[in-house]
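Structure record follows, encoded as structure tokens.
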Amino acid sequence: MVHVMIDGIPVEVEKGTTVLHAAKKAGIEIPTLCYIEDLIPDGSCRLCVVEVKNNGRTKIDTSCTLQVSEGDEIFTRSEKVRQSRKQTLDLLLSDHNVHCFSCEANGDCKLQEYAFEYGLETTSYEGQKSGGEVDDTNKFFTYDPSLCILCHRCVNTCNYIVGRGAIETMERGFQSVIGNGEGQWKDGICESCGNCVQACPTGALSMKRRKKYRTYQVEKKVLTTCPHCATGCQYYLLVKDGKIVDTEAYNGPSNKGLLCVKGRSGSFDFVHHPSRITDPLIKNKETGEFEKATWDEALDLVASKFMEIKKKYGSESLAGFACSRSPNEDIYMVQKMVRTCFGTNNTDNCARVCHSASVAGLAMTLGSGAMTNPIEDITKKPDVIMLVGSNPEEAHPVVGMQIRQAVQRGCKLIVVDPRDIGLAKHADIHLKLKPGTNVAFANGIMNVIISEGLQDEKFIAERTEGYEKIKEIVKDYTPEKVAEICHIDAEDLKKAAIMYAKAKMAPIIYCLGVTEHSTGTEGVMSMSNMALLVGKLGREGCGVNPLRGQNNVQGACDMGASPTDFPGYQKVANPEVVAKFEKAWNTKLNPNPGLHATDVFPAAIKGDIKGLYIYGEDPVVTDPDTHHIIKALESLDFFVIQELFMTETAQYADVILPGVSYAEKEGTFTNTERRVQRVRKAVTIPGNARLDTDIIIDLMNRMGYPQPHLTAAEIMDEIASVTPSFGGISHARLDSEEVGGRGLQWPCPTKDHPGTPIMHVGKFARGLGWFYPAEYVPSAELPDEEYPIILMTGRILYHYTTRAMTGKTEELMEIEGHSFIEINEEDAAELGIQNGDKVRLTSRRGQIESTARVGTKVSKGESWMPFHFPDGNANWLTNAALDKYARIPEYKVCAIRIEKA
Ligand SMILES: Nc1nc2c(c(=O)[nH]1)N[C@H]1C(S)=C(S)[C@@H](COP(=O)(O)OP(=O)(O)OC[C@H]3O[C@@H](n4cnc5c(=O)[nH]c(N)nc54)[C@H](O)[C@@H]3O)O[C@H]1N2
Ligand SMILES: Nc1nc2c(c(=O)[nH]1)N[C@H]1C(S)=C(S)[C@@H](COP(=O)(O)OP(=O)(O)OC[C@H]3O[C@@H](n4cnc5c(=O)[nH]c(N)nc54)[C@H](O)[C@@H]3O)O[C@H]1N2
Ligand code: SF4
Ligand code: SF4
Ligand code: SF4
Ligand SMILES: [Mo]
């Protein structure tokens, strides 16, 4: 420890601490312009200088670089210091276009703030300002060199925090400017995340939307959770005149002050979009047109129709799905309505088509289907990361940024993905395996680990079961055999196995490339098999980590929107559980597990399901084999959807009930780390739309279940009372100083429990970890002469699922607005297809047109396309083959034919 005096205050800090940090500890703020926490100091702005006296010597130095020495007497505001800072600011202003009144950053500029503080109105230096051309080629922001003080915060942020390296300091004539090397901003690899803009202390980098407001006009800033992916980034919504005008990243536990382009720029246009449905709509049976109705008309019709169907065909002829984009409180009420009023367990959520294989698989092998370790833990600590079938740079971009930071820090990266995803470039080993062969790959890894003697015998003996069987099975999966099945190099497989096994800390991070297969659950269990074998579970920097998809899909599963589970994974099949909920909800409940969402559609075609309630999903766009989904919806007697927009699916509804978006209500989302975080109301409800929970509660009452009206906070109290793992969670606690904006990670059984960051420490949730004996089984539909190419599907950075929300942000549509298909150059050559050509794609189920992107991103015989775009949606082609355990469809593999259109 070192002892120093700062402005007369004695401070004790660790050796190696900078003066800047020591001052902070003493509660003294030193002005900085270029400094970024956690990075090696740039020391370029020189504003943070301090005066230090020690052993009779005095010096002026930058506090961000200078480390404290025993006995230092430090002055942060002496006359010398003030003069030095004034001089620095004077110089900065000499080359700064001081037009503060018309500058968008007026009132939100550190240079302006410090100039005021140090009494500078203009510069004392005469002469020409260097200026330079404004670069406004980025869709969302502008760079104005005449306002740039070359502090490098933007470059350092992009290089070392975002890890993208899209910009640099360049010499242009006599002057340095910031930009993308040779061309303009748009020509580089910038992903428009805007983190550099938020880091800029002046107006040099400025969001274009700031033209529409000034900081002092912002009437409130509301801290909330991003409504897109399950990273759970925290940010403020900035509200002016009752409308959201901007966002500002908050230093949340999973996002560390970062956002991706969708969170920063694609999360509020949709809220105020004119296409929002704001009145209940009933379809006129004769004209087929929707007509506005009153709430009483609509709710009476919905309640009476469902009760009529129940009377005529029985409870099991009804089903209701919950929306994984909506808060826990909403989802809890939806499943409660289905169970208490419909009288069935036919309830589900989009996890069915997403990570149901994780929920089922990890519950079987470990006892809990959730991500085992927090994001910070698996990106800051490990020495190896194994990334399987996950494209976090696009699908969980703020996790992707943290993985890029890990690689920069020296962490090794193994990427197991059929495509050259962005992170493959940063990987030490990229196993570009054939789609649908994950189980063979994992068995191959285990074969190598065992033949090298790298398995953790102690862990296996003390904490697992089933080892002998899996050992027998993987004997057959020699590197050579696996190399042949997976189309990879046997040596690379060996290297990857050894790298993973020998690592001190190594998490497996995986996503839909593992789950969305007809053998998805076995794929997931193969992930836990690998981790069990080397004892990399239940401890720091390790684990088996499914990156959950939707902002609240973890929550939707936790809240019991599941045909087999009540809230908190309490089983419908257990009569004691049913009895418990009968008591809590004061009604008789159906003891039979329900149908999975993917089985509900075929059941509707068969006539077994007659009435369907969908709360915020768009299966016509997102479920596999669109023809069969439309046929199912058309087969229903009565179909109701509760939505924000007139989606493709909504068009098939008999009644549309307008709900509200995340920015218009209170509640909670649970991110992929099992972290329950607050969603807060920023703006008022538009038109005649109503709170989703109020709609559900009114319906419950009209269907004969006496459900009192509850606020979101009161609903959470009810959830806590029936869900042991949520026992300690309440809105009041989440808002409290104790929790400090960090959310609570379940299991959190009691009000004084701090939450559980890492699962399975010391003991698995199921007792012993189970090695599942998985054999490789090929995908359901393999290429043949007629349909010779494998089609994989997935997502891109700029759009989110159906684009219901991101599609309302024009700039995102301008960046990527159309369907495309990635084709290997050899296949393209054989087919006479060139980059940019229109192509016709045909599978056994349908035909669409799209545009070819020819290259080597996918291997020969394989192709890939997103499902975001209506002008050629992959789901007309995909195969509804289902996994036997989780009933998840095989979105990642089907066979198609490609022709020039
Ligand atoms: N921008 C954006 N982000 C999103 C979403 C979005 O729509 N847009 N959706 C959210 C949702 S709902 C989810 S579930 C997540 C999904 O996130 P991810 O699962 O990361 O995204 P995908 O693009 O579906 O697929 C991931 C990768 O799997 C690879 N893959 C395909 N087949 C195989 C295989 O057989 N084996 C292996 N090892 N890999 C394979 C693909 O090449 C792809 O790179 O993203 C969430 N985040
Ligand atoms: N080919 C292919 N298809 C896929 C996938 C794939 O990889 N390939 N991935 C699958 C995956 S992982 C998923 S998760 C699904 C997603 O499929 P969906 O869940 O169908 O897609 P979303 O676009 O998220 O639909 C959410 C809807 O809810 C509405 N909504 C949002 N918030 C609220 C709210 O608070 N209240 C109300 N009432 N409505 C709200 C939105 O307007 C939107 O229309 O797609 C699947 N489809
Ligand atoms: S927007 Fe993001 S990717 Fe683009 S330059 Fe700025 S930090 Fe880098
Ligand atoms: S653009 Fe902003 S952050 Fe970047 S160097 Fe210039 S002033 Fe600093
Ligand atoms: S990473 Fe996900 S949660 Fe974070 S801002 Fe982007 S879309 Fe939102
Ligand atoms: Mo998903």
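The values are calculated or read from the model by the stated rules, or taken from the named source; none is laboratory data. Fair warning: this is a prediction, and the values are worked out from it, not measured in the lab. Quick reminder, even Gly has a Cβ in these numbers, built from the backbone with ideal geometry, and neighbours come from all protein chains shown. All accessible areas refer to the heavy atoms of the entire protein, side chains included, with ligands and DNA or RNA removed. Shrake-Rupley method; radii C 1.70, N 1.55, O 1.52, S 1.80 Å.
In what sequence, highest mean first, do 654-660, 34-40 appear when ranked by Cβ atoms within 10 angstrom? The partial results should precede the final answer.
On the way: 654-660: 24.1, 34-40: 16.1.
Ranked from most to least packed, the peptides come out as 654-660, 34-40.
Normalized C-alpha radius of gyration of the range 2-77, against 2.2 N^0.38 Å?
On the way: Rg = 11.3 Å, N = 76, 2.2 N^0.38 = 11.4 Å.
For the range 2-77, the normalised Cα radius of gyration is 0.99.
Cα centroid distance between the range 516-564 and the range 652-674, in Å?
Result: 24 Å between the Cα centres.
Could you compute the FRET efficiency for Lys208 and Arg766, with r as their C-beta to C-beta distance and R0 at 60 Å, rounded to 0.05? Mind dumping the intermediate values first?
On the way: r = 52 Å, r/R0 = 0.87.
Computed FRET efficiency for Lys208 and Arg766: 0.70.
Could you check the spin-label model distance between Thr564 and Asn701? Points 7 Å from the Cα along Cα→Cβ, value in nm.
According to this spin-label approximation, the distance is 3.7 nm.
If I fit a long axis through the Cα atoms of helix 626-635 and take the longest principal axis of the Cα atoms of the chain, what angle between them do I get, 0 to 90°, rounded to 10?
Tilt of helix 626-635: around 60 degrees.
Over what distance in Å are the Cα centres of the range 271-333 and the range 159-180 separated?
Distance between centres, Cα-based: 53 Å.
If a paramagnetic tag sat 7 Å from the Cα of Lys631 along the Cα-Cβ line, which residues of the range 809-849 would have the backbone N under 19 Å from that point?
842-848
From zero outward in steps of 10 Å, how is the percent of C-alpha pairs of the range 125-272 spread across the bins?
11, 39, 33, 14, 3, 0
Packing-wise, with mean Cβ within 10 Å as the measure, how do 188-200, 835-847 rank, highest first? Mind showing how you got there, number by number?
Numbers: 188-200: 21.8, 835-847: 16.5.
Result, highest mean Cβ count within 10 Å first: 188-200, 835-847.
Give a residue-ordered list of calculated ³J(HN,Hα) values for the range 407-414 (Karplus: 6.51 cos²θ - 1.76 cosθ + 1.60, θ = phi - 60°; whole Hz; x for Gly, Pro).
In residue order, the calculated couplings are 5, 4, 6, x, 5, 7, 10, 10 Hz.
In the chain, with Lys and Arg counted as +1 and Asp and Glu as -1 at Cβ, which of these residues, Phe141, Ser779, Cys260, has the Cα nearest the positive end of the dipole, that is, farthest along it?
Projecting each Cα onto the dipole axis, the largest value belongs to Cys260.
Can you tell me the alpha carbon radius of gyration of the range 690-804 divided by the globular rule-of-thumb value 2.2 N^0.38 Å?
Details: Rg = 22.8 Å, N = 115, 2.2 N^0.38 = 13.4 Å.
It is 1.71.
What is the mean projected area of the alpha carbon convex hull for the range 348-447, to one decimal in square nanometres?
Numbers: hull surface 29.1 nm².
Mean orientational projected area (the range 348-447, Cα hull): 7.3 nm².
What lysines sit close enough to Lys15 to cross-link, taking a C-alpha to C-alpha distance under 22 Å and skipping anything fewer than 8 places away on the same chain?
Partners within reach: Lys24, Lys25, Lys53, Lys59.
Go through Lys571/Lys884; Lys256/Lys432; Lys243/Lys380; Lys256/Lys571 and tell me which ones have a Cα-Cα distance over 29 Å in this structure.
Details: Lys571/Lys884 19 Å; Lys256/Lys432 31 Å; Lys243/Lys380 38 Å; Lys256/Lys571 37 Å.
Over 29 Å Cα-Cα: Lys256/Lys432; Lys243/Lys380; Lys256/Lys571.
Work out how much length Val222 to Glu133 would gain on full extension: take 0.36 nm times their residue separation and subtract the Cα-Cα distance, in nm to one decimal. It would help to have the intermediate numbers written out before the result.
On the way: separation 89, 0.36 × 89 = 32.04 nm, distance 3.59 nm.
28.5 nm is the gain from fully extending Val222 to Glu133.
Set the Förster distance to 35 Å, then compute FRET efficiency between Ala461 and Lys425 from the Cβ-Cβ distance, nearest 0.05.
Working: r = 40 Å, r/R0 = 1.15.
Approximately 0.30, to the nearest 0.05.
What trypsin sites (Lys or Arg not before Pro) does the range 703-752 have in DSSP loop regions with at most 13 other beta carbons within 10 Å? Don't jump to the answer; show the numbers that get you there.
Numbers: sites: Arg733, Arg742, Lys751; in loops: Arg742, Lys751.
Answer in residue order: Lys751.
Picking from Val98, His753, His487, whose Cα lies most toward the positive end of the charge dipole for the chain (charges on Cβ: Lys, Arg +1; Asp, Glu -1)?
Positive-most Cα among the choices belongs to His753.
If you average the C-alpha positions of the range 42-109 and of the range 378-435 separately, how far apart do those two centres end up, in angstrom?
Going from one Cα centre to the other spans 40 Å.
Quick one: 3J(HN,Hα) in Hz for the range 664-677, Karplus 6.51/-1.76/1.60 with θ = phi - 60°, rounded, Gly and Pro as x.
10, 8, 9, x, 9, 10, 10, 7, 5, 8, 6, 8, 7, 10
Taking 0.36 nm per intervening residue step and subtracting the Cα-Cα distance, what contour gain separates Glu37 from Glu849 on full extension?
Working: separation 812, 0.36 × 812 = 292.32 nm, distance 4.89 nm.
The span from Glu37 to Glu849 would gain 287.4 nm if fully extended.
Once label points are set 7 Å from the Cα along Cα→Cβ at both Glu775 and Lys860, what is their separation, rounded to one decimal in nm?
3.1
Can you check what the net charge comes to around Glu540, using other residues whose Cβ is under 13 Å from the Cβ of Glu540 (Lys, Arg +1; Asp, Glu -1)?
Numbers: positive: Lys380, Lys381, Lys504, Lys536, Arg539; negative: Glu376, Asp377, Asp383.
Combined, the nearby Lys, Arg, Asp and Glu give +2.
Quick one: net charge of Pro870's neighbours, Cβ under 9 Å, K/R +1, D/E -1? Provide the component values of the computation, followed by the final result.
Numbers: positive: Arg803; negative: Glu648, Asp871.
Charge balance in the 9 Å sphere: -1.
Taking amide H positions as placed 1.01 Å from N in the peptide plane, with prolines and chain starts having none, which residues 5 or more places from Asp72, or on another chain, fall under 5 Å of its amide H?
Met5
So if I place +1 on the C-beta of Lys and Arg and -1 on the C-beta of Asp and Glu, and nothing else carries charge, what would the dipole magnitude of the range 457-540 be about its Cα centre? I want it in debye, nearest 20. Provide the component values of the computation, followed by the final result.
On the way: 12 positive and 14 negative charges, 86 e Å.
Dipole about the Cα centre, nearest 20: 420 debye.
Computed FRET efficiency, Cβ-Cβ of Leu91 and Thr58, R0 22 Å: what is it to the nearest 0.05? Each step should come with its number before you reach the end.
Details: r = 23 Å, r/R0 = 1.04.
Result of the calculation: an efficiency of 0.45.
In whole percent, and with a 1.4 Å probe on the protein chains, what portion of the accessible area of the chain is carbon and sulfur?
50
Hey, can you grab everything whose amide H is under 5 Å from the amide H of Thr851? Only 5+ residues off in sequence or another chain; H modelled, so Pro and N-termini drop out.
Those lying under 5 Å, H to H, from Thr851 are Phe820, Ile821, Val839.
What does the charge dipole of the chain about its Cα centre add up to, to the nearest 20 debye, if the Cβ of each Lys and Arg holds +1 and the Cβ of each Asp and Glu holds -1?
Details: 101 positive and 120 negative charges, 284 e Å.
Result for the chain is approximately 1360 debye, rounded to the nearest 20.
Give the Rg/Rh ratio for the chain, taking Rg as the radius of gyration of the Cα atoms and Rh as the Kirkwood radius, to two decimals. All intermediate terms of the calculation are to be shown ahead of the outcome.
Working: Rg = 28.7 Å, Rh = 29.2 Å.
Reported Rg/Rh (Cα atoms, Kirkwood Rh): 0.98.
Using each residue's phi in the range 814-826, evaluate 6.51 cos²θ - 1.76 cosθ + 1.60 at θ = phi - 60° and report the 3J(HN,Hα) Karplus result to the nearest Hz, with x for Gly and Pro.
My calculation for the range 814-826 gives 5, 5, 9, x, 9, 4, 8, 9, 7, 10, 6, 5, 5 Hz in order.
Working from Cα positions, state the angle (0 to 90°, nearest 10) between the long axis of helix 328-337 and the longest principal axis of the chain.
The angle comes out near 10 degrees.
Find how much the distance from Lys285 to Asn586 grows on full extension, using 0.36 nm per residue of separation minus their present alpha carbon separation; answer in nm with one decimal. Write out the running numbers ahead of the final one.
Details: separation 301, 0.36 × 301 = 108.36 nm, distance 3.78 nm.
Result: 104.6 nm gained on full extension.
Sorted by average packing, counted as other Cβ atoms within 10 angstrom per residue and highest first, what order do 272-279, 214-221 take? Please report the intermediate quantities before stating the final value.
Working: 272-279: 16.0, 214-221: 13.2.
By packing density, highest mean first, the sequence is 272-279, 214-221.
Mind pulling the angle between the C-alpha long axis of helix 520-533 and the longest principal axis of the chain? Nearest 10 degrees, somewhere in 0 to 90.
Orientation of helix 520-533: about 50 degrees from the principal axis.
Pull up all non-local amide H partners of Thr668: gap of 5 or more, or a different chain, and H-to-H distance under 5 Å with H placed in the peptide plane.
Amide H neighbours of Thr668: Asn328, Glu329, Val679.
Before I look further, what does the chain give for accessible area per residue, probe 1.4 Å, in whole square angstrom? Each step should come with its number before you reach the end.
Values: 33580 Å² over 901 residues.
Roughly 37 Å² per residue, with all protein chains present.
Based only on Cα atoms, what Rg/Rh ratio does the range 789-900 have, Rh being taken as Kirkwood's radius? Intermediate results must be reported in sequence, preceding the final value.
Numbers: Rg = 14.1 Å, Rh = 14.4 Å.
Across the range 789-900, the Cα-based Rg/Rh ratio is 0.98.
Charges on Cβ only, +1 for Lys and Arg, -1 for Asp and Glu, centred on the Cα centroid of the chain; of Gly466, His818, Ala166, which one is farthest towards the dipole's positive end?
Positive-end residue among those listed: Gly466.
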